[in-house]
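Just below is one structure, and these are the notes that go with it.
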Amino acid sequence: MIHKFKVRTSGKTDMVNITKEIGALVREGGLASGVCHVFMPHTTCGLAINENADPDVKSDINSALDYSVPKDFPYKHREGNSPAHVKSVLVGSSLTVFVEDSTLELGTWQGVFLCEYDGPRIREVWLRLIKG
Amino acid sequence: MIHKFKVRTSGKTDMVNITKEIGALVREGGLASGVCHVFMPHTTCGLAINENADPDVKSDINSALDYSVPKDFPYKHREGNSPAHVKSVLVGSSLTVFVEDSTLELGTWQGVFLCEYDGPRIREVWLRLIKG
Amino acid sequence: MIHKFKVRTSGKTDMVNITKEIGALVREGGLASGVCHVFMPHTTCGLAINENADPDVKSDINSALDYSVPKDFPYKHREGNSPAHVKSVLVGSSLTVFVEDSTLELGTWQGVFLCEYDGPRIREVWLRLIKG
């Protein structure tokens, strides 16, 4: 069974903390111990695990990505969102987190983030729980 | 059991859509529901999930990566393919897609791509199916 | 059960080969066939699979990342390690390798690396084994 939930993003680029939503679905799904695979079904978003404390980190990550993947470039794709596709490929569309005692096991400072690169939009996140 | 298939790439950089090959091996492997782990056993290639519609997106992704990871750089590795190793690390060598009703579950516009950074060559892709 | 081990990194940036440690824990964990999920619980490190032969490749990867993710940038995060957070997001915090006959299945030239971007430090790596 694939668990799905929706996320509203703000601004052209955004990092939305989805750790609580994932943790809630892990408990609802009855997974005591195993892994939770997280999947991003959109081509102009990514999934990342990073700092959950200082919001300046999210803003710095998006500024640095804007620098590394420039907007003013002879892109061919006519929709004008090629930088978002590039960032999606670099950041990645799937990740795996561990579950123990029905709880998401993350490092002290970590959260799971939906990374928006062509917002604002309503996005979906998919989860699959595997016992182990 | 590890399922393997070969892919022929074109040009120095390429993105080859391998969605059909993966879907066929998922059905042959008899996986009704679970996850399909995809692994890239080469160090100058990557694996990505991105747009399956306009081929200009693939070309834009490769152009932007050429910009971000320059060719003219004082690299030490004498084989001359250091940019390919860098891109491989950035794009990644493993990803996970979901399977339901023996079918690969992807977003509307998504395909799975072998990303070639030091071609043209014959490459291998490895799959492992996990029930769940 | 989550398997954990510690790694000592050298220098501000580093790539430490952790293939042997992972292989040993796979055997100790008694996994004959399946997958080994590797997780990085720190927000200024990454996990990558790349060349295990010429050490110049590791040095080239870190030089190119220093070029793509500049140090001199108007970052807001006051700890001064924003480039490390950016690299962590780009390289990624989770990956999956295959196990067959109690052995890690990698390509000929591949190793698994802990990628340090804010060292030197003692880091942890987490593993979870799934039969399949």
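The values are calculated or read from the model by the stated rules, or taken from the named source; none is laboratory data. Worth saying up front: this structure is predicted, and the values here are computed from it rather than measured. No Cβ is skipped: glycine too gets one built from the backbone with ideal geometry, and neighbour counts run over all protein chains shown. Surface areas here come from the heavy atoms of the whole protein model, side chains and all, with no ligands, DNA or RNA. Shrake-Rupley method; radii C 1.70, N 1.55, O 1.52, S 1.80 Å.
Any idea which of C:Gly34, C:Gly92 is under 24 Å from A:Leu95 (Cβ atoms) and either away from chain B (no Cβ under 14 Å) or open to solvent by less than 10 Å² (accessible area, probe 1.4 Å) (or both)?
Every option except C:Gly34 fails the conditions.
Being open to solvent by 30 Å² or more (accessible area, probe 1.4 Å) and of a type outside the set (A, V, I, L, M, F, W, C) narrows it down to one of C:Asp118, C:Asp72, so name that one.
C:Asp72
Within the range B:41-63, how many residues are open to solvent by 10 Å² or more (accessible area, probe 1.4 Å) and away from chain C (no Cβ under 13 Å)?
Total satisfying the criteria: 10.
Just name the residue that is farthest from the other protein chains (Cβ to nearest Cβ) out of those in the range A:1-15 that are open to solvent by 60 Å² or more (accessible area, probe 1.4 Å) and under 23 Å from B:Val99 (Cα atoms).
Applying the filter and picking the extreme gives A:Lys6.
Return yes or no: is C:Lys87 within 13 Å of chain B (Cβ to nearest Cβ), of a type outside the set (A, V, I, L, M), assigned to a helix (DSSP H, G or I) and over 28 Å from A:His37 (Cα atoms)?
no
So which residues in the range C:97-106 are at the interface with another protein chain (Cβ under 9 Å from one of its Cβ atoms) and open to solvent by 10 Å² or more (accessible area, probe 1.4 Å)?
C:Glu100, C:Glu105, C:Leu106
Run down C:Val35, C:Val99 and say which single residue is in a strand (DSSP E or B), under 24 Å from A:Ala48 (Cβ atoms) and in contact (Cβ under 8 Å) with a residue 12 or more places away in the chain.
Answer to the check: C:Val35.
Name the residue, out of C:Ser102, C:Ser63, C:Ser68, that is under 30 Å from C:Gly132 (Cβ atoms) and of a type in the set (Gly, Ala, Ser).
C:Ser102
In the range B:27-52, how many are among the aliphatic types (A, V, I, L, M) and in contact with a Gly (Cβ under 9 Å, 6 or more places away or on another chain)?
5
So is A:Ser63 out of contact with any helix residue (DSSP H, G or I) (no Cβ under 7 Å at 6 or more places or on another chain), in contact (Cβ under 8 Å) with a residue 12 or more places away in the chain and under 20 Å from B:Ala64 (Cβ atoms) or not?
Spelling it out, it is not the case that A:Ser63 is out of contact with any helix residue (DSSP H, G or I) (no Cβ under 7 Å at 6 or more places or on another chain), in contact (Cβ under 8 Å) with a residue 12 or more places away in the chain and under 20 Å from B:Ala64 (Cβ atoms).
Can you confirm whether C:Val69 is under 20 Å from B:Val91 (Cβ atoms), hydrophobic (A, V, I, L, M, F, W, C) and touching a His at 6+ places or on another chain (Cβ under 6 Å)?
Against the criterion (under 20 Å from B:Val91 (Cβ atoms), hydrophobic (A, V, I, L, M, F, W, C) and touching a His at 6+ places or on another chain (Cβ under 6 Å)), C:Val69 does not qualify.
When the residues of the range A:75-84 are narrowed to those that are open to solvent by less than 20 Å² (accessible area, probe 1.4 Å) and part of a loop (DSSP other than H, G, I, E, B), which ends up nearest to the other protein chains (Cβ to nearest Cβ)?
A:His77
Table: residues versus (1) touching a Lys or Arg at 6+ places or on another chain (Cβ under 6 Å); (2) more than 27 Å from A:Leu106 (Cα to Cα).
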site	(1), (2)
C:Val26	no, no
C:Glu51	no, yes
C:Phe73	no, yes
C:Pro83	yes, no
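Would you call B:Ile18 away from every other protein chain (no Cβ under 14 Å) and open to solvent by less than 40 Å² (accessible area, probe 1.4 Å)?
Against the criterion (away from every other protein chain (no Cβ under 14 Å) and open to solvent by less than 40 Å² (accessible area, probe 1.4 Å)), B:Ile18 qualifies.
Considering each residue of the range A:121-132, count those that are open to solvent by 40 Å² or more (accessible area, probe 1.4 Å) and modelled with pLDDT of 95 or more, and give that number.
Within the range A:121-132, residues that are open to solvent by 40 Å² or more (accessible area, probe 1.4 Å) and modelled with pLDDT of 95 or more number 4.
Kindly provide the set of residues from the range A:107-132 that are within 25 Å of A:Ser63 (Cα to Cα) and facing chain C (nearest Cβ under 10 Å), ordered by number.
Within the range A:107-132, A:Gly107, A:Thr108, A:Trp109, A:Gln110, A:Gly111, A:Val112, A:Phe113, A:Cys115 qualify.
Give the range C:66-91 a look and list any residue that's free of Cβ contacts under 8 Å to residues at least 40 places away in the same chain and among the hydrophobic types (A, V, I, L, M, F, W, C), or say none.
Matches in the range C:66-91: C:Val69, C:Phe73, C:Val86, C:Val89.
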